[in-house]
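Report on one structure; see the data block that follows.
The values are calculated or read from the model by the stated rules, or taken from the named source; none is laboratory data. Keep in mind it's a predicted model, so treat the numbers as computed, not measured. All Cβ positions, even for glycine, are placed from backbone atoms using ideal geometry, and neighbour counts span all protein chains on display.
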Amino acid sequence: MPATLSEGYASIGVVPRLGTGVPFTARGSESAQLRTALQRARGGAGVAVLLSGDAGVGKSRLLTEFLAEAEAGGTHVLLGRCVSVGEAGLPYLPFKEVVEQLRRVRPDLVDARPALAGLIGRAAATTARSGEETDLGQLQLFDAMVTVLAELSDDAPVVLAIEDLHWSDASSRDLLSFLVSRLAAQRLLVVATYRSDDLHRQHPLRPLLAELVRLPVVERLDLAPFGPADALAFVEALADGGIDPEWLADVAARSEGNAFFAEELVAASATGPAGGIPTALADVLLSRVETLSPAAQRVVGAISVTGRRHVGHAALRSVIDLPDGDLDAALREALQHHILVTDDHGGYTFRHALLREAVYADLLPGERVRLHAAYARRIVELQQDELAGALAYHSLRSNDLPTALAASVKAADDAMRVGALAAELRYVEQALELWPGVDDPAARSGVDELALTRKAAYVASAAGHPERAAAYAQAAVELADRDADTVTRADVRRQFTETLLASIRWHEAEQVIEDAWALVEAEPASRTRAWVLALRARTRLARENELSRQFAEQAIADARASGSVSAESDALITLAFNDLRAGAVEDACALFEQARQNAIRVGAANVELRASFNLVTTRYEQGRLDEASAIADAGGARAAELGLTWSAYGLELRWMGAMVHYARGSWDEALAAASPPGEQVSDTISALLAASAAIIKVSRGRFDEAQRDLDRIRPEWHRDGQIAQLAGIAGIEMAGWQGRHRDAGRVADDAIASMRKGDDDYWPLGGIRLATLALGSLADVAAQARLDHDDTAEAAAVTEGRRFVEHARSTAEHGIPRADRLGAEGLAWLARLRAEESRLTGHADPEAWRAVVEAFGYGEPFHVALGRWRLAEALVTTGDRDAAAVELAAAHEAAERLGAQPLTTAVRDLARRAHVALPGTVLPSAGLLTPRELGVLELVARGYTNRKVGEELFISEKTVSVHLSRVMTKLGAASRTEAVSIAHQRGLLADAG
């Protein structure tokens, strides 16, 4: 084995940064390329990799991880770094570090070569020599470096890493060129890193790179910034909880996938409020700008004022007083130094948005105002309507509030036409903020305040901000009550009711819609009156079914009289629940579909999505999972097409789609549906999706990820009972798989309490599943207590378990299902409740678990597989190993196909303990010992008594004693302890706990 170079490698380290302890993220393909290159070098083919990327993108972290992995695999690792010390640099600095490391490991190789020893001051100084002698000495040095690396690679493969080539001196570049050009049959990999954004056209490294990339042994590896999803995951890992998710999404977006920028922004959150750029980061960014000429700095400052938009040459020329030639020269300089880049529109923009922020923040206040005003004048002169957003931006920042108001309203209309909800909401909110500061704002903007406020409520709801939508709708009610007519006041309350329903504020919604009804009750039939009746029907649906039906029928009559197809369709959806509760499920689904088709015909998008959601939910409860998933997928696609993905029912369709796909075993599709929004939405939406994803992650054994999600969303449980239910399911199951069975009961209690919100008369049906999962963990506690002969612990577990049994049965009795009775899923969980109860009391009941398998057989492969695992356990206990083998084989196949790692492990463990061979596997054998003898010895090594070994392996205590005697005879041991010791020495117990 090669001598380690860890000491020398570590001595060249840098000060640990914030991200040092963060898991290595999203560099799988790049790591694979480096591993492949090392594998080629191990095979005797020298390789060089040029690793490039922008400053802070993660080159050093990638290299560090790779070098650590290579060294752990028996490879010699040598690392040298170039340092920024002026244009001349320090001659051979990175190679001096490499030679120092070489000498610590193989001093004979260095001392035998005076050229190398002299490089680190280990040889006698020489007097000045002629140019010819100097060239000869350089050649001797180069040849010595190549030779010593080749000789070192005879012992083990060598990785030579040179970092930060962009700061390298001429001598180091020459030596690197010589070395790479002579790579052939050495077991040597050379990795050199450099900053691609530092290489302006006159940079001295450019000629070397052009020369090296032509060599067949050289590969290029360009490290790109993280993509949006990976950037968000990286920022979340950096923050490690405790920071607002919306702010984290903003940090991920601002960092644009640059790891260093993300670290600095997250670190700044610990010392001050979010926003702005940390001083240290601003200094780093501005240091590059300060190398530009004064003219180029003026141009860069002018471009920073445009925000994230590109700026064309003509616009730039109109706001900055420079002759054309000087302007061109300044732009060329900024481009060559990678401060600016050109875009597809023929304009200029910053290479990175944070660089623009830093430059903009560095401008004097007066400079900013003058430049913004100049851009605003330019836009007005162009008279281009599509520039309303830019006009609003520049007018606001140049303190021209009337123009900013009018432009904001216009920009909101433009955003609406292209379905840009986030932009539309931003402009509407900006207009509302400007409203009090402008004289005669209605005349300036062309819209009244009530209409603008109602628009804000609608857009906020559609964009995934239900709480803000409710706030704007409430403000609209107050505005309408000042001077609006009766019907308008009722219609504003109708809108307010819808936002309250989206925010799960049912009692408030019922009161508001009753106020609206008091306003229009005496009015003739109208669209508004029909909608008020439809919402009266919806708010009474959960508690007063008959009254809800009457209101719905009234709404349909009014809607038909007034021609409001949308109100009629909404009332039809509510009316369908009467059929559900009467057991006429197909009649109800027919009404849902009729409402959906009618809504499509008149463009009532929210009604259409509500109908789709109810179709999905009904088919899911029936156990028709394939049909439910098809409807959910189509509904989700339709919501995206309408720009309503994060509206109330767009979100309902998305998370319901995730749950349906999870149930039917299409877990990749489930994770995609439950993926983070990728944009700023309400905490409720983010938490609901994260809770949905956590269930899948737990089932796949991704416990660390799931735990981070659950910790982050725990403060959001109060927002929606579904969040508490889904997070509770994930938390209980994870605690169970990890053996934290007491924690499972605590999580269940917390989730059930959060769902019930202190209402003893409210029995959410999700409590059945939560209680059953908690019961399963307590059954495990009771089983372990029986193995340990701890009667007190067993009794406590049984008592606690019975409490959950009672809650589940009370929920089934008092809870109100959507249909007249529990659907297939609810009945399946009650079947599992009975089976877990039999485990709790120590009664192995195969028939109870066979009933679970049959109950989930409507299409939930994971829960079928889990039921088969428990069924096999019960069959083994009763002595029917042949039947158990069949069930274990089926459970193992399903668990592996799903990627359900915890269940796969549990199935294999049971098969091992029960001495059952799974298809495609063989029972563990150590040659000398039989599989059963080895199994006995493994448990003895864990400290088990003969009685406990027998209970674990489903054999008698006497049989254990017989097996142990044979083991001792075969190993020549005089005692149990000696048998374990000999087995360890021979490697027979490598897998022992």
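Quick check on this structure: which one of Ala282, Ala330 is modelled with pLDDT of 90 or more, under 21 Å from Asp197 (Cβ atoms) and either of a type outside the set (Asp, Glu) or under 40 Å from the mean Cα position of the chain (by Cα) (or both)?
Ala330
Residue check: is Ala68 in the same structural domain as Arg187 (by TED's automatic domain parsing), within 21 Å of Gln186 (Cβ to Cβ), modelled with pLDDT of 90 or more and among the small types (Gly, Ala, Ser)?
No, not satisfied.
Which residue, of Ala124, Ala144, Ala156, is assigned by TED's automatic domain parsing to the domain that holds Leu67, at pLDDT 90 or above and surrounded by fewer than 21 Cβ atoms within 10 Å (Cβ to Cβ)?
Ala156
Only one residue in Arg254, Arg206, Arg195 is basic (Lys, Arg), surrounded by 18 or more Cβ atoms within 10 Å (Cβ to Cβ) and either modelled with pLDDT of 90 or more or under 22 Å from Gln336 (Cβ atoms) (or both), so which one is that?
Every option except Arg195 fails the conditions.
For His507, which of the numbered conditions (1) touching a residue at least 24 places away in the same chain (Cβ under 8 Å); (2) more than 21 Å from Asn614 (Cβ to Cβ); (3) part of a helix (DSSP H, G or I) fails to hold?
The single condition His507 does not satisfy is (1).
Mind checking which residues of the range 56-72 are closer than 16 Å to Leu160 by Cβ and either in contact with a Phe, Trp or Tyr (Cβ under 8 Å, 6 or more places away or on another chain) or not in a helix (DSSP H, G or I) (or both)?
Leu67, Glu71
For the list (1) farther than 30 Å from Gly823 by Cβ; (2) free of Cβ contacts under 8 Å to residues at least 24 places away in the same chain; (3) surrounded by fewer than 18 Cβ atoms within 10 Å (Cβ to Cβ), I need the number of the one condition that Val886 fails.
Condition (1) is where Val886 drops out.
Could you tell me whether the range 32-43 includes any residue that is at pLDDT 90 or above, within 24 Å of Leu93 (Cβ to Cβ) and polar (S, T, N, Q)?
No, the range 32-43 contains no residue that is at pLDDT 90 or above, within 24 Å of Leu93 (Cβ to Cβ) and polar (S, T, N, Q).
Residue-by-condition table, conditions (1) buried (at least 19 other Cβ atoms within 10 Å of the Cβ); (2) at pLDDT 95 or above; (3) part of a helix (DSSP H, G or I):
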position: Arg493; (1), (2), (3): yes, yes, yes
position: Leu501; (1), (2), (3): yes, no, yes
position: Ile513; (1), (2), (3): yes, yes, yes
position: Ala518; (1), (2), (3): no, yes, yes
position: Trp531; (1), (2), (3): yes, yes, yes
position: Ala534; (1), (2), (3): yes, yes, yes
position: Glu546; (1), (2), (3): no, no, yes
position: Ala555; (1), (2), (3): yes, yes, yes
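Within the range 750-773, how many residues are buried (at least 17 other Cβ atoms within 10 Å of the Cβ) and without any contact (Cβ under 8 Å) to a residue 60 or more places away in the chain?
Counting residues in the range 750-773 that are buried (at least 17 other Cβ atoms within 10 Å of the Cβ) and without any contact (Cβ under 8 Å) to a residue 60 or more places away in the chain gives 12.
Any residue in the range 42-55 that is touching a residue at least 60 places away in the same chain (Cβ under 8 Å) and within 15 Å of Val218 (Cα to Cα) sitting within a Cβ distance under 8 Å of a residue that is crowded, with 20+ Cβ neighbours inside 10 Å and of a type in the set (Phe, Trp, Tyr)? List the pairs, counting only those 6 or more apart or interchain.
Hits for this filter: Leu50/Tyr194; Leu51/Tyr194; Ser52/Tyr194.
Mind checking which residues of the range 775-799 are free of Cβ contacts under 8 Å to residues at least 60 places away in the same chain and either closer than 22 Å to Asp761 by Cα or outside any helix (DSSP H, G or I) (or both)?
Residues satisfying the conditions are His789, Asp790.
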